[in-house]
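Chemist: This is the structure I have questions about; it appears just below.
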Amino acid sequence: MTPAELTVGQELPAQDFPVTRADLVRYAGASGDFNPIHWNERFATSVGLPNVIAHGMFTMAVAIRTVTDWTGDPGSVIEYGVRFTRPVVVPDPDGTVLRVTGTVREIRADGDVAVDLVATVNGETVLAKARAVVRQR
């Protein structure tokens with residue numbers, strides 16, 4: 001990716017990421033977040049959720065993969081932020097699919113590239129104001 005190859009409005013390749021309960025259990029172990037809303041359906045529904053939900057930070061991490069796969073370098077991300085708009089419900093046994101698209105919003109004078117992401121599940125947005133800045137190497 002070089003500045004000459006990029007244009008504002010250019011789309012990143014869309015990606016679909018399957019999310020299963022097993023993914024959530026692995027993430028809980030890695031992050032130390034064992035809140036039962038992320039693995040126990042009975043508990044999740046007892047507190048008013050529709051089902052088990054993915055960790056917000058897990059969802060955020062999966063979404064940025066669209067950018068890191070595009071750049072080919074996870075270290076290229078120098079800024080990243082999102083606003084969580086709705087939980088990612090993960091039914092058992094099949095899970096769900098997180099679809100992420102991206103668009104180049106700005107090519108800065110220093111060569112950094114700002115990207116807007118859209119993350120949806122079943123056509124509903126789950127992350128808003130998802131924005132990343134990558135440094136071109």
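Chemist: From a point 7 Å beyond the Cα of Ser31 in the direction of its Cβ, which residues of region 43-70 have a backbone N at a distance under 19 Å?
Modeler: In region 43-70, the label zone of Ser31 (backbone N under 19 Å from the point 7 Å along Cα→Cβ) covers 43-45, 47-68.
Chemist: What is the extension gain from Ala14 to Ile107, computed as 0.36 nm multiplied by their sequence separation minus the C-alpha to C-alpha distance, in nm to one decimal?
Modeler: 31.5 nm is the gain from fully extending Ala14 to Ile107.
Chemist: Give a residue-ordered list of calculated ³J(HN,Hα) values for region 44-59 (Karplus: 6.51 cos²θ - 1.76 cosθ + 1.60, θ = phi - 60°; whole Hz; x for Gly, Pro).
Modeler: So the J values, rounded to whole Hz, are 4, 6, 5, 9, x, 7, x, 4, 4, 10, 6, 4, x, 5, 5, 4.
Chemist: Provide the per-residue ³J(HN,Hα) series for region 126-133, in order, calculated from phi with Karplus coefficients 6.51, -1.76, 1.60 and θ = phi - 60°, each as a whole number of Hz, with x at glycine and proline positions.
Modeler: Taking θ as phi minus 60°, the curve returns 10, 10, 10, 6, 7, 9, 10, 10 Hz for region 126-133.
Chemist: So if I place +1 on the C-beta of Lys and Arg and -1 on the C-beta of Asp and Glu, and nothing else carries charge, what would the dipole magnitude of region 3-134 be about its Cα centre? I want it in debye, nearest 20.
Modeler: Taking the Cα centre of region 3-134 as origin, the dipole is about 400 debye.
Chemist: Do you know the relative contact order of the chain, to the nearest whole percent, from alpha carbon pairs under 8 angstrom that are 6+ apart?
Modeler: Relative contact order for the chain comes out at 31 percent.
Chemist: Related question: Arrange the following residues from fewest to most other Cβ atoms within 10 Å of their Cβ: Leu49, Leu117.
Modeler: Going from sparsest to densest Cβ surroundings: Leu49, Leu117.
Just so you know, all these numbers are worked out from the coordinates, no wet-lab data involved. The model shown is predicted, which means the values in this text are computed figures rather than measured ones. Because the Cβ atoms are built from the backbone with ideal geometry, glycine has one as well, and the counts that use them run over all protein chains shown.
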